[in-house]
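The values are calculated or read from the model by the stated rules, or taken from the named source; none is laboratory data. Since the structure is predicted, the reported quantities are computational estimates derived from the model, not experimental observations. Cβ coordinates were reconstructed from backbone atoms using ideal geometry, including for glycine residues, and neighbour counts include every protein chain displayed. Just so you know, the surface numbers come from the protein's heavy atoms only, side chains and all, with ligands and any DNA or RNA stripped out. Shrake-Rupley method; radii C 1.70, N 1.55, O 1.52, S 1.80 Å.
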Amino acid sequence: MGRLVRTEGLTEIQEEILKTVRQFVEKEILPVATELEHKDEYPTDIVEGLKELGIFGIMIPEEYGGLGESLLTYALVVEEIARGWMSVSGVINTHFIVAYMIRQHGTEEQKQKYLPRMATGEVRGAFSMSEPALGSDVAAIKTKATKNDHGYEITGQKMWLTNGGSSNLVAVLCKTDEGEESVYKNMTTFLVEKEPGFGETAQGVTIPGKIEKMGYKGIDTTEMILDKHQISADQVLGGKPGQGFYQMMDGVEVGRVNVGARAVGIANRAFELGIAYAQQRETFGKPIAEHQAILFRLAEMATKVEASHSMVVRAARGKDSGERNDVEAGMAKMLAAEYCNEVVQDSFRIHGGYGYSKEYEIERLYREAAFMLIGEGTSDIQKMIIGRSLLKDYKL
């Protein structure tokens, strides 16, 4: 392990968890990641290994069978996993967001019903907010849940479900008519149960198939079509309608810390590959690492990795302390995503023509890094969130 992405003030338990995950990444993920990614093959064995390590329940309280760890611990684990293969961290992320939302906002009955089985990975979560006709404009969602004698009937189309096929529990944001003037108070989160797989996976629930993507392969990203899906009022997250937008935004905040951590993991791996190749490749009678242009590039890459890691740690610690961290999470996600792309591009340039070859790992990282710019909100959305909050804090 190099000197980058070290974190001060960790407990012995945190250090032991990270050591265990790091060893798992070195042994079980890095040797097979590029092959599985090129095949777009789901990492079944890796996921089973993560279940055994307890990673699916890392932030679920011990009383519900989880490890009861902090968001900081989770973020650092994600950095390690994304360093091995970013897609694997995606398998965990949406599951983690749904578990977090149930932990924070669910009724006691919902916690008892789902969290113990989510901790073991028996129940796998997916998170569904976006739709085909909208991106970041959450207020424009059209999927509607209509109240009836049996609970609610949901009809609509959702988009960009990570784990859409492999999950069996989906947190779905819908419009509900609560009679409120604010559109944000007329949204409700439902916990939709389904079978893993594709096609009709529950009454009125269809998962058409995997969406083909430039990167972020191996993991299933899907649409979800709801056609008069009947659901009990017991499946309203928290038991009270009209709270969905605020529950989802709380989940997105921790999700942004996760994406920031993923970006750090990718950038750290790109730096490792770049500095190693720069010492092996020779031009004009000496390793290219001894040329000033390459040396300066490596220095800038390492600095960007460190800055991103520090921002992610700060955002995670802020959330763990109970503070609102929309600004800190937005800053961490924005900086880490932008720097990740810059570091990966610099490593790609260090590799020269070989970086364009699928035989080299940097080619995979180059495609994965692009997703960091849009996952859990684009950089422009983060800037809007940050800017608006700063105007409130510094209002004249």
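Note on the range 238-294: residues that are among the polar types (S, T, N, Q) and either open to solvent by less than 30 Å² (accessible area, probe 1.4 Å) or under 32 Å from the mean Cα position of the chain (by Cα) (or both) amount to 4.
Restricting attention to the range 115-139, the residues being at pLDDT below 90 and either assigned to a strand (DSSP E or B) or hydrophobic (A, V, I, L, M, F, W, C) (or both) number 4. Of the residues making up the range 188-209, those that are more than 22 Å from the chain's Cα centre (by Cα), assigned to a strand (DSSP E or B) and not β-branched (Val, Ile, Thr) are Gly199, Glu200, Ala202. In contact (Cβ under 8 Å) with a residue 60 or more places away in the chain, over 17 Å from the mean Cα position of the chain (by Cα) and in a loop (DSSP other than H, G, I, E, B): does that describe Glu41? Judged against the criteria, Glu41 is a match. Number of residues in the range 192-203 that are touching a residue at least 40 places away in the same chain (Cβ under 8 Å) and open to solvent by 10 Å² or more (accessible area, probe 1.4 Å): the value is 2.
Within the option set Arg103, Arg117, Arg83, being under 21 Å from Met214 (Cβ atoms) and open to solvent by 20 Å² or more (accessible area, probe 1.4 Å) holds for one residue only, Arg83. Go through the residues of the range 50-67 one by one and say whether even a single one is in a helix (DSSP H, G or I), free of Cβ contacts under 8 Å to residues at least 40 places away in the same chain, open to solvent by 30 Å² or more (accessible area, probe 1.4 Å) and among the β-branched types (Val, Ile, Thr). Within the range 50-67, not a single residue is in a helix (DSSP H, G or I), free of Cβ contacts under 8 Å to residues at least 40 places away in the same chain, open to solvent by 30 Å² or more (accessible area, probe 1.4 Å) and among the β-branched types (Val, Ile, Thr). Whenever a residue of the range 153-164 is hydrophobic (A, V, I, L, M, F, W, C), its partners that are assigned to a loop (DSSP other than H, G, I, E, B) and modelled with pLDDT under 95, lying with C-beta atoms within less than 6 angstrom and at least six residues away or across chains, give the pairs Met159/Ser130; Met159/Pro132; Trp160/Ser130.
The set of residues in the range 217-243 being in a loop (DSSP other than H, G, I, E, B), in contact (Cβ under 8 Å) with a residue 12 or more places away in the chain and of a type outside the set (A, V, I, L, M, F, W, C) consists of Lys217, Gly218, Asp220, Ser232, Pro241, Gly242, Gln243. Taking the range 65-87 as the range and being closer than 16 Å to Val312 by Cβ and either of a type in the set (Phe, Trp, Tyr) or in contact with a Cys (Cβ under 7 Å, 6 or more places away or on another chain) (or both) as the test, only Tyr74 passes. Looking only at residues in the range 24-49 that are β-branched (Val, Ile, Thr) and closer than 24 Å to Asn268 by Cβ, the one that is surrounded by the fewest Cβ atoms within 10 Å (Cβ to Cβ) is Val32.
Against the condition among the hydroxyl-bearing types (Ser, Thr, Tyr) and over 24 Å from Ser321 (Cα atoms), how does Tyr64 come out, does it pass?
Details: among the hydroxyl-bearing types (Ser, Thr, Tyr): yes; over 24 Å from Ser321 (Cα atoms): no.
No; evaluated as a whole, the condition is false for this residue.
Give me the residue from the range 142-187 that is among the basic types (Lys, Arg) and assigned to a strand (DSSP E or B) and, out of that set, nearest to Pro132 (Cα to Cα). Checking each candidate, the answer is Lys158. Of the set (1) under 23 Å from the mean Cα position of the chain (by Cα); (2) open to solvent by less than 70 Å² (accessible area, probe 1.4 Å); (3) touching a residue at least 60 places away in the same chain (Cβ under 8 Å), all apply to Met214 but (2).
Restricting the first member to the range 377-396 and to residues that are at positive phi, and the second to residues that are at pLDDT below 90 and open to solvent by 50 Å² or more (accessible area, probe 1.4 Å), the beta-carbon pairs closer than 8 Å and six or more apart or on different chains are Gly377/Ser136. Among the residues making up the range 148-174, a single one is open to solvent by 70 Å² or more (accessible area, probe 1.4 Å) and modelled with pLDDT of 95 or more: Gln157.
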